[in-house]
Amino acid sequence: MKFGYVSRGLDFGKLIFNDQLESNSAATVDVDAFSDRNINYLNIDFGGLLYSDKYWVGLSASHLNRPNQTFFGDNAESQLPIKYNLQAGYKFVLSGATVKARNAKDITAAILNEAQEQYDQLDLGFYYNHEPFVFGFWYRGIPLFKRYNDDVNKARQNNDAFIVLVGYSIPDRNLRIGYSYDVTISILATNSGGAHEVSLVYEVASKRKKRRSRKFLVPCAKF
C-alpha cells in the first residue's frame, strides 16, 4: 500500500493569456473563476503479488480515493480516475535447476496491461536467458482489439513500438548491465528516432541465514 500527498498551486503572475498577446494589455480573463489558487489532496495506491519460482501474477490500483485535482472547486469531472495495472509471467526452464546456475537456460513470457478509463496499454514480452546473458523482445500495442480515431476520423491501429534488449549478469556480483532500444511503429515513426535505455541493476543480498529449502528468487524479468 502506498500513500502520497500532492500539493499544486497557480501563480497568475507567470501566465500569459490570449487577449494579452492580441492587445498587449493587461489580462481580461476572469481569474475569479478559479476558486482555488492552491489545492492539496491525498493519493492512495494498493497492490499485491503472488509468485513462485516459475511464475508471478500481480495486480495494483492507483488513485483509489479518486482525488479531485481541479482549481475550479468541487468539480466531479476533474476527479483522478483509478488506474489498474495487471502483470504476469511464466518461466520455462530449459536447463539448470537454479536461477544463478552456470549456463542455466530458460525462456520467460511476460505480459503487462495498464488501463485508466478509456485509455489502455498492453505490453507482451519474451526473454531468452542463457547465463550470464539475456536477450529480450517486447511489443507494445493492441492492434487486433482496439483502434483509435484521429482528428479527421481516420481509424488507426493501436501500435506503439517494438523493443529489443540485451543484458549481462556479472557472475557472483549481483550486478546486471542492460541495453534496450524502442523501435517506434506508430504514426510517430517518421518524427521519432526511437528511444535508448541503459540499465544498471544491483541486488543487495541478505546476510541473514535462512532455510535453503524455502529460499528462491522471484522469477520476474530483471530488465
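Every number in this text was worked out from the coordinates using simple rules, so none of it is lab data. Just so it is clear, the model here is predicted, and its values are computed rather than measured. Please note: Cβ atoms are built from the backbone with ideal geometry, for glycine as well, and neighbour counts cover all protein chains shown.
Need the full-extension length gain, GLN116 to LYS54, defined as separation in residues times 0.36 nm minus the C-alpha distance. One decimal, nm.
Full extension of this stretch gives 19.4 nm more.
Only counting other Cβ atoms within 10 Å, I'd like VAL93, VAL166 sorted with the fewest neighbours first.
In increasing order of surrounding Cβ atoms, one gets VAL166, VAL93.
Order of GLU203, GLU117 from fewest to most other C-beta atoms within 10 Å?
GLU117, GLU203
Within 10 Å of each residue's Cβ, count the other Cβ atoms and sort LYS105, LYS91 from fewest upward.
LYS105, LYS91
Each residue of the range 83-89 in turn: what ³J(HN,Hα) in whole Hz from Karplus with 6.51, -1.76, 1.60 and θ = phi - 60°, glycine and Pro shown as x?
So the Karplus estimates, Gly and Pro as x, are 10, 9, 9, 10, 9, 7, x Hz.
Starting at the first residue of the range 110-126, write each ³J(HN,Hα) from the Karplus equation 6.51 cos²θ - 1.76 cosθ + 1.60 with θ = phi - 60°, in whole Hz, x for Gly and Pro.
3J(HN,Hα) across the range 110-126, in whole Hz: 9, 9, 9, 10, 10, 9, 8, 6, 7, 9, 8, 8, 10, 10, 10, x, 9.
Could you give the length gained by full extension between ALA88 and ASN65, i.e. 0.36 nm per residue of separation minus their alpha carbon distance, to one decimal place?
5.7 nm
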